[in-house]
Amino acid sequence: QVQLVESGGGLVQPGGSLTLSCAASGPIFRVNAMGWYRQAPGKEREFVASVNSDANTNIADAVKGRFTISRDYAKKTVSLQMTSLTPDDTAVYYCAADLDGGGYAYWGQGTQVTVSS
(Lines give C-alpha, C1' and ligand atoms only; values in the text may rest on other atoms or scores of the structure.)
Protein backbone atom coordinates (compact mmCIF):
# COMPACT_ATOMS: atom_id res chain seq x y z
CA GLN A 1 0.00 0.00 0.00
CA VAL A 2 1.04 3.58 -0.55
CA GLN A 3 2.59 5.27 2.47
CA LEU A 4 3.83 8.79 3.06
CA VAL A 5 6.25 9.50 5.89
CA GLU A 6 7.13 13.03 6.94
CA SER A 7 10.24 14.06 8.81
CA GLY A 8 12.03 17.21 9.87
CA GLY A 9 9.56 18.80 12.24
CA GLY A 10 10.55 20.24 15.57
CA LEU A 11 10.90 23.33 17.70
CA VAL A 12 12.40 26.44 16.15
CA GLN A 13 12.72 30.04 17.29
CA PRO A 14 10.90 32.85 15.50
CA GLY A 15 12.85 33.91 12.45
CA GLY A 16 14.39 30.48 12.13
CA SER A 17 14.28 27.92 9.35
CA LEU A 18 13.25 24.32 9.04
CA THR A 19 13.02 21.82 6.21
CA LEU A 20 10.37 19.13 6.09
CA SER A 21 10.72 16.04 3.95
CA CYS A 22 8.22 13.47 2.79
CA ALA A 23 9.01 10.10 1.32
CA ALA A 24 6.46 8.02 -0.53
CA SER A 25 6.66 4.26 -0.75
CA GLY A 26 4.58 1.42 -2.08
CA PRO A 27 3.10 0.61 -5.49
CA ILE A 28 3.54 4.03 -7.08
CA PHE A 29 3.89 4.18 -10.86
CA ARG A 30 3.43 7.88 -11.34
CA VAL A 31 2.86 10.95 -9.20
CA ASN A 32 0.62 13.72 -10.49
CA ALA A 33 1.31 16.09 -7.63
CA MET A 34 2.54 16.24 -4.07
CA GLY A 35 1.74 18.87 -1.54
CA TRP A 36 1.87 20.10 2.00
CA TYR A 37 -1.01 21.09 4.23
CA ARG A 38 -1.02 22.20 7.85
CA GLN A 39 -3.43 22.30 10.72
CA ALA A 40 -3.01 24.57 13.69
CA PRO A 41 -4.80 23.90 17.00
CA GLY A 42 -8.47 24.80 16.73
CA LYS A 43 -8.23 25.58 13.02
CA GLU A 44 -9.14 23.88 9.78
CA ARG A 45 -6.48 22.12 7.74
CA GLU A 46 -5.13 24.55 5.16
CA PHE A 47 -3.17 24.28 1.96
CA VAL A 48 0.49 25.32 2.13
CA ALA A 49 2.20 24.35 -1.12
CA SER A 50 2.16 21.87 -3.97
CA VAL A 51 4.25 20.79 -6.93
CA ASN A 52 3.03 18.83 -9.93
CA SER A 53 4.68 16.49 -12.40
CA ASP A 54 5.67 19.44 -14.59
CA ALA A 55 7.46 21.00 -11.61
CA ASN A 56 4.89 23.77 -11.44
CA THR A 57 4.49 25.00 -7.89
CA ASN A 58 1.65 26.62 -6.04
CA ILE A 59 2.29 28.43 -2.76
CA ALA A 60 -0.29 29.74 -0.33
CA ASP A 61 -0.30 33.51 0.12
CA ALA A 62 0.33 33.12 3.85
CA VAL A 63 3.75 31.59 3.23
CA LYS A 64 4.69 32.97 -0.18
CA GLY A 65 8.20 34.31 -0.20
CA ARG A 66 9.13 32.32 2.89
CA PHE A 67 8.40 28.69 1.97
CA THR A 68 9.70 26.76 -1.03
CA ILE A 69 8.56 23.35 -2.22
CA SER A 70 10.73 21.00 -4.21
CA ARG A 71 10.43 17.42 -5.33
CA ASP A 72 12.41 14.49 -6.62
CA TYR A 73 9.92 12.24 -8.32
CA ALA A 74 12.56 9.63 -9.08
CA LYS A 75 13.08 9.27 -5.35
CA LYS A 76 9.39 9.92 -4.65
CA THR A 77 10.20 12.66 -2.17
CA VAL A 78 8.99 16.19 -1.65
CA SER A 79 10.49 18.81 0.63
CA LEU A 80 9.26 22.04 2.15
CA GLN A 81 11.91 24.61 2.97
CA MET A 82 10.56 27.05 5.53
CA THR A 83 12.28 30.30 6.44
CA SER A 84 11.44 33.38 8.51
CA LEU A 85 9.16 31.27 10.64
CA THR A 86 6.67 32.93 12.96
CA PRO A 87 4.50 31.55 15.76
CA ASP A 88 1.59 31.60 13.27
CA ASP A 89 3.38 28.82 11.38
CA THR A 90 3.00 26.50 14.36
CA ALA A 91 0.96 23.52 13.20
CA VAL A 92 1.02 19.87 12.29
CA TYR A 93 2.26 19.65 8.73
CA TYR A 94 0.93 16.93 6.47
CA CYS A 95 2.31 15.60 3.23
CA ALA A 96 -0.17 14.54 0.56
CA ALA A 97 0.05 12.77 -2.77
CA ASP A 98 -2.17 12.85 -5.84
CA LEU A 99 -1.16 9.88 -7.94
CA ASP A 100 -3.67 9.99 -10.77
CA GLY A 101 -5.04 13.52 -10.98
CA GLY A 102 -8.02 12.65 -8.83
CA GLY A 103 -6.97 14.65 -5.82
CA TYR A 104 -4.92 14.09 -2.69
CA ALA A 105 -5.96 10.60 -1.76
CA TYR A 106 -2.88 9.73 0.27
CA TRP A 107 -1.76 11.48 3.42
CA GLY A 108 1.07 11.17 5.87
CA GLN A 109 0.71 11.05 9.63
CA GLY A 110 1.91 14.61 10.04
CA THR A 111 4.89 16.22 11.69
CA GLN A 112 4.71 18.90 14.37
CA VAL A 113 6.32 22.27 13.78
CA THR A 114 6.43 24.62 16.75
CA VAL A 115 7.74 28.15 16.43
CA SER A 116 8.40 29.61 19.83
CA SER A 117 11.06 31.45 21.78
Separation of alpha-carbon centers, segment 55-117 and segment 1-44, rounded to whole Å: 5
Total charge dipole magnitude, segment 67-117, about the Cα centre, Cβ charges on Lys, Arg, Asp, Glu only, Debye to nearest 20: 180
Under 5 Å, built H, 5+ apart or other chain: amide partners of Y106: A97
Residues whose placed amide H lies under 5 Å from that of L85, excluding near-sequence neighbours: G15, G16
Accessible area of segment 58-109 divided out per residue, in Å², using a probe of 1.4 angstrom: 50
Protein accessible area in the chain, 1.4 Å probe - carbon and sulfur %: 46
Protection proxy ranking, peptides 96-104, 54-62, average beta carbon neighbours within 10 Å, highest first: 96-104, 54-62
Loop-resident sites, segment 16-47, for chymotrypsin sites (Phe, Trp or Tyr not before Pro), counting at most 10 other Cβ within 10 Å (DSSP): F29
Packing rank of 69-76, 39-46, where each peptide gets the mean count of other beta carbons within 10 Å, highest leading: 69-76, 39-46
Length-normalised contact order of the chain in % [C-alpha pairs under 8 Å, at least 6 apart]: 37
The chain - charge dipole about Cα centre, Lys and Arg +1 at Cβ, Asp and Glu -1, debye rounded to 20: 180
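The values are calculated or read from the model by the stated rules, or taken from the named source; none is laboratory data. Bear in mind the structure is a predicted one, so any value in this text is a computation, not a measurement. Backbone-built Cβ (ideal geometry, glycine too); neighbour counts: all protein chains shown. Please note that ligands, DNA and RNA were not included when accessible areas were found on the heavy atoms of the full protein model with its side chains. Shrake-Rupley method; radii C 1.70, N 1.55, O 1.52, S 1.80 Å.
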